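In what follows, a structure is listed as structure tokens, so that the remarks can point back to it.
Quick note: the coordinates plus some simple rules give every number you see, no bench work behind them. All of these numbers come straight from a predicted model, not from anything done at the bench. Heads up, the Cβs are rebuilt from the backbone with ideal geometry, glycines too, and the neighbour counts pull from every protein chain shown.
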Amino acid sequence: MSKNFQGLEKIPRHVALIMDGNGRWAQKRGLSRIEGHKEGAQSVRAVLRAAAQAGVEFITVYAFSTENWKRPPAEIDGLMKLLIHSLNEYEQELHDNGIRLRVMGQFERLPLPVRMRLQKTMDATAHYTGHTLIIALSYGSRTEIADATRKMAEKVKAGTMKPSQINEQTLTEHLYLPDVPDPELMIRTSGELRLSNFLLWQLSYAEFYITDVYWPDFREEEFFHALEAFNGRDRRYGGVDNK
Ligand code: FPP
């Protein structure tokens with residue numbers, strides 16, 4: 001049954017998701033970890049659909065962190081294959097809902113077939129402006145901030161930027177996706193209370209919603225609960241409530 005997202009007063013422009021618990025979901029059922037990731041990919045699809053329906057403009061999913069390269073090669077390979085398979089499966093849905101695909105992270109570290117598959121869909125959806133799906137791949141927030149700092153240092157060295165011009169705004173402008181607004185809501189599944197090197201700079205003022213539900217079980221209903229919780233939050237950005 002479709003949820004009444006229209007009844008919600010505030011809809012976050014950007015929702016970031018840490019999709020955790022695929023492995024535990026699979027283990028509980030005696031399945032392989034990759035089966036958990038496969039079911040997790042269906043949750044990405046369900047959340048994408050629900051977000052478009054709710055009017056959320058940007059969704060960022062943490063699909064593969066820089067630390068995930070330490071996982072067994074078979075699991076990494078399975079995840080990369082799943083990514084290609086999922087893009088084949090969702091592409092039409094991206095077009096039907098006018099969703100642009102973008103990627104953030106160390107793109108060049110990804111296997112060539114994955115890069116090619118991603119690039120194809122990024123190019124084919126680049127003209128959509130209403131909704132954006134951002135997949136964080138080989139992503140680490142500290143690396144992103146260090147890279148931004150190095151880019152500015154190089155400009156200072158070349159004489160095109162002054163040290164006095166380094167501030168919050170210019171640092172933001174040197175991150176991977178400078179034109180994307182900060183997430184207002186961060187959802188983490190499977191109960192872990194950690195940021196795991198995800199969007200450390202961009203999540204400074206985000207509301208956090210942590211649920212015990214494993215990612216493969218996080219579907220439209222769970223997304224609706226997260227938006228409901230967001231509606232109940234009083235966001236003051238360090239100021240005082242003047243009600
Ligand atoms: C964390 O669960 C999940 C991941 C590292 C991978 C997430 C990837 C997907 C859902 C695949 C598809 C993605 C897209 C964008 C199509 P875990 O393995 O750490 O679970 P555990 O903590 O229970 O072991």
* Asked: Hey, any hits in segment 57-78 for a residue that's within 12 Å of the ligand (Cβ to nearest atom), on the phi > 0 side of the Ramachandran plot, touching a residue at least 24 places away in the same chain (Cβ under 8 Å) and out of contact with any Gly (no Cβ under 7 Å at 6 or more places or on another chain)?
  -> no
Picked from segment 178-196 (must be closer than 20 Å to Leu101 by Cα and surrounded by fewer than 16 Cβ atoms within 10 Å (Cβ to Cβ)), the residue nearest to the chain's Cα centre (by Cα) is Pro181
**Prompt:** Just wondering, is there one or more residues in segment 81-88 that are of a type in the set (D, E, K, R) and either surrounded by fewer than 13 Cβ atoms within 10 Å (Cβ to Cβ) or touching a strand residue (DSSP E or B) at 6+ places or on another chain (Cβ under 7 Å) (or both)?
**Reply:** no
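Rundown of residues vs (1) among the hydrophobic types (A, V, I, L, M, F, W, C); (2) on the phi > 0 side of the Ramachandran plot, yes/no style:
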position: Thr160; (1), (2): no, no
position: Gln165; (1), (2): no, no
position: Glu168; (1), (2): no, no
position: Pro178; (1), (2): no, no
position: Pro181; (1), (2): no, no
position: Gly191; (1), (2): no, yes
position: Asn197; (1), (2): no, yes
position: Leu203; (1), (2): yes, no
* Taking Glu108, is it within 12 Å of the ligand (Cβ to nearest atom) and within 27 Å of Leu195 (Cβ to Cβ)? -> no
Output for Cβ contacts, cut-off 7 Å, separation at least six or different chains, first residue farther than 22 Å from Ile11 by Cα in segment 185-206, second part of a loop (DSSP other than H, G, I, E, B) and within 11 Å of the ligand (Cβ to nearest atom), reads Ser190/Asp20; Ser190/Gly21; Ser190/Tyr214; Glu192/Asp20
Picking from Ile145, Ile135, the residue that is in contact with a Phe, Trp or Tyr (Cβ under 9 Å, 6 or more places away or on another chain), assigned to a helix (DSSP H, G or I) and within 20 Å of Pro181 (Cα to Cα) would be Ile145
Of Gln27, Gln6, Gln42, the only residue that is more than 14 Å from the ligand (Cβ to nearest atom) and surrounded by fewer than 22 Cβ atoms within 10 Å (Cβ to Cβ) is Gln6
